[in-house]
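*Asks:* I have a structure I would like to understand better, so I am pasting it below and will then ask my questions one at a time.
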Amino acid sequence: MDIFEQRKSLYKLVSRIFLLEMSEDVLGDFEKMENFEVLFPTYSKWEERTKRSRYKLIHEVLNVDFTDIALMHLIPYESFYVREDGMIESGGANPVLQIYNEFGYRVDLDKGRIISPDHIAVEMEFMSMLIDAQQKATLKKDEEATKNFQKMQQSFLKKHLLQFAPMYLLNVAEQARTPFYKDSAKLALEFLLEDYEYLKATE
């Protein structure tokens, strides 16, 4: 797997985790990944996984935790962290909307547990799309487009995701009650910081 595919897959993985509650199919796919134990070191050894049925594990444990860290007690929206009034900007004035529109990205709020386009999962998905666009430009040997898409990724990370995601993810790592979401938060945080350094080093 090349660097484009690696980066896209990790952004998509984290996006799905924080987008909505877990399902049996999705969790099963995660657990079948070759690097599952590396990405989820604590969860992979969690005894609770073997004590409950998959259905009960998801609906009685994991999804309860998701509700706490993504819907009830913690706020996964950029505007909540960057606005002085601490409000979520769910309307057309949200600054990420202009960026999405320029790229031709349309946010489907109905596919997840989200109310605003600056949700961490949506911004992660947008990053995966920018990487895909850069990958295609690279295959076409379009150097100008390749550089532009890389600059867009670096700028979006610096001006948006890194403005709030570390704070949110640190809170998740501390307050989540299951190893799955603690591991997910640590994975996402480490990856975001490493990816930004990668983009800076290759600009």
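No value in this document is a laboratory result; all are computed from the given coordinates. All of these numbers come straight from a predicted model, not from anything done at the bench. Don't worry about glycine lacking a Cβ; one is built from the backbone with ideal geometry, like all the others, and counts go over all protein chains shown.
*Asks:* Could you grab me the full set of residues in segment 133-163 that are farther than 22 Å from residue 78 by Cβ and either within 23 Å of the chain's Cα centre (by Cα) or not basic (Lys, Arg) (or both)?
*Replies:* Hits for segment 133-163 are 134, 135, 136, 137, 138, 139, 142, 143, 144, 145, 146, 148.
*Asks:* Going by the structure shown, is residue 124 crowded, with 22+ Cβ neighbours inside 10 Å and in contact with a helix residue (DSSP H, G or I) (Cβ under 7 Å, 6 or more places away or on another chain)?
*Replies:* Judged against the criteria, residue 124 is a match.
*Asks:* Could you tell me which numbered condition residue 145 fails, if it satisfies all but one of (1) surrounded by 14 or more Cβ atoms within 10 Å (Cβ to Cβ); (2) over 26 Å from residue 184 (Cβ atoms); (3) touching a Phe, Trp or Tyr at 6+ places or on another chain (Cβ under 9 Å)?
*Replies:* (3)
*Asks:* Report yes if some residue within segment 72-80 is part of a loop (DSSP other than H, G, I, E, B), buried (at least 16 other Cβ atoms within 10 Å of the Cβ) and of a type in the set (Phe, Trp, Tyr); otherwise report no.
*Replies:* no
*Asks:* For residue 157, all conditions in the list (1) without any contact (Cβ under 8 Å) to a residue 40 or more places away in the chain; (2) out of contact with any His (no Cβ under 9 Å at 6 or more places or on another chain); (3) aliphatic (A, V, I, L, M) hold save one; what is the number of the exception?
*Replies:* (1) is the only condition that residue 157 fails.
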